[in-house]
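The values are calculated or read from the model by the stated rules, or taken from the named source; none is laboratory data. This is a predicted model, so every value here is computed, not measured. Cβ placement follows ideal geometry from the backbone for every residue including glycine, while neighbour counts extend to all protein chains displayed. SASA here: full protein model, heavy atoms, side chains in, ligands and nucleic acids out. Shrake-Rupley method; radii C 1.70, N 1.55, O 1.52, S 1.80 Å.
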Amino acid sequence: VQLQASGGGLVQAGESLTLSCAASGGPFSRYTMAWFRQAPGKEREFIAARRWTGTTHYSDSVKGRFTISRDSAKNIVYLQMNSLKPEDTAVYYCAADVKGILSSVSRHYGYKYWGQGTQVTVSS
């Protein structure tokens, strides 16, 4: 399984950005796909996840601003980020693993597969 994250860049506060995570080596029909981020000097932080059932989960810090979605036909997971803030600046990683419907999705050590990360910088 390989994950390729892309779409990062430099934006101003209040603007939007969409990240993509292309998955290969599947099938991924039963995978939970997630996004994490890591700012310099900080631990990796859970952002959003989408279970294979379609259920989505978000951290409180991005709820209402970010949306995770999935194109199952293309094996691509998206993270639509709106109303970006300077504190959203970080390297964003996509992750994937098979998880039960009641398993936690927010623990980074619970994911076997990771993308390489894409930098998002939000200027004030």
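A few points about this structure:
- Computed with every protein chain present, the accessible area of Ser69 is close to 50 Å² [probe 1.4 Å].
- Within the full protein context, the accessible area of Arg70 is estimated at about 50 Å² for a probe radius of 1.4 Å.
- If you sort Lys99, Lys42 by accessible surface, 1.4 Å probe, largest first, the order is Lys42, Lys99.
- Measuring nothing but how far apart in sequence close Cα pairs (under 8 Å, 6+ apart) lie, relative to its length, the range 1-41 scores a relative contact order of 40 percent.
- Counting only Cβ charges, +1 for Lys and Arg and -1 for Asp and Glu, the dipole size of the chain around its Cα centre is about 380 debye.
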